[in-house]
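Here the structure comes first, spelled out in structure tokens, and everything after it is commentary.
The values are calculated or read from the model by the stated rules, or taken from the named source; none is laboratory data. As the structure is a computational prediction, the values presented were derived from the model and not from experiment. All Cβ positions, glycine included, derive from the backbone under ideal geometry; neighbour counts span all protein chains shown. Surface areas here come from the heavy atoms of the whole protein model, side chains and all, with no ligands, DNA or RNA. Shrake-Rupley method; radii C 1.70, N 1.55, O 1.52, S 1.80 Å.
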Amino acid sequence: YPQLWMNTQDDNLSLTGDGTASSPYVVASPQAMAAIGREQQITELTQISLSLSADYIQPVDIYFEGIDTNLTGPGTFTPIGLDEATGTITAFDGTYYGDSASGKTVSLTGLDIQSAHNNIALFATVGSGAVVDGLEISNSSISTTTTSPFNMAAFAVTNNGTISNCVNKMNIEFTMSSSHDNGTNVGGIVANNNGRILLCS
């Protein structure tokens, strides 16, 4: 796999695994996480795109401060599964596990989740059968510039699968106006839930 830009806390300088349950992709950098479901330009000639239906494991804390994952500004992060150009959402149908040697959650720190659309969270949609487990979001922010009713939460706009053992320490802040009436949903974990939320806080 192509070499990825990595943070100083990362020991591996390449993406390992093949995205299967027995050998999940190992996510250890902001750029690797941002490549899930969309193309990331690694070099002038090399792009990488990771499937929304693959299996992932994050063994280390990831720090997003000052890292441009969208090529638009330091720290900015587009929700996984959201095409920012069109607003189209494709569900995440894989698994994403935090895997800390201490048995605690692994953290995502310094995220600046942004979108001009009305669905904004770490994952736009967690699909039926998908799992997100063992993550903690802290010292991060989330925002949208839409004037339409919107859905906003830390981990998923819509959960149709399972979100478990996840902790949100990020403040969810927004300014409500009359244009946001009749349809705005905001939550600490998810905005709309049709699945399971287990042992989250």
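Between L199 and K169, the FRET efficiency from the beta-carbon distance, with R0 = 25 Å, is close to 0.95. Apolar share of the accessible surface for the range 57-191: 46 percent from carbon plus sulfur atoms, 1.4 Å probe. What's the long-distance tail for the range 52-175, i.e. % of Cα pairs beyond 20 Å? The share of Cα pairs beyond 20 Å in the range 52-175 comes to 41 percent.
Accessible area per residue for the range 56-201 is 42 Å², calculated with a 1.4 Å probe on protein heavy atoms, without ligands, DNA or RNA. For the range 120-201, the square roots of the Cα gyration tensor eigenvalues, ordered a ≥ b ≥ c, give a/c of at least 1.5 with a/b no greater than b/c, which places it in the oblate category.
Averaging Cα coordinates gives a centre for the range 84-104 and one for the range 141-182; these two points are 16 Å apart. Counting charges near I163 (Lys, Arg +1; Asp, Glu -1) among other residues having Cβ under 12 Å from its Cβ returns a value of 0. Loop-located chymotrypsin sites (Phe, Trp or Tyr not before Pro) across the range 108-183 with a Cβ neighbour count of 16 or fewer within 10 Å are F174, with loop assigned by DSSP.
Quotient of the Cα radius of gyration of the range 138-181 and 2.2 N^0.38 Å, N being its number of residues: 1.34.
Charge tally around G127: other residues with Cβ under 14 Å, Lys/Arg +1 each, Asp/Glu -1 each, net -1. Taking other residues whose beta carbon is less than 15 angstrom from the beta carbon of T20, and scoring Lys, Arg as +1 and Asp, Glu as -1, yields -3.
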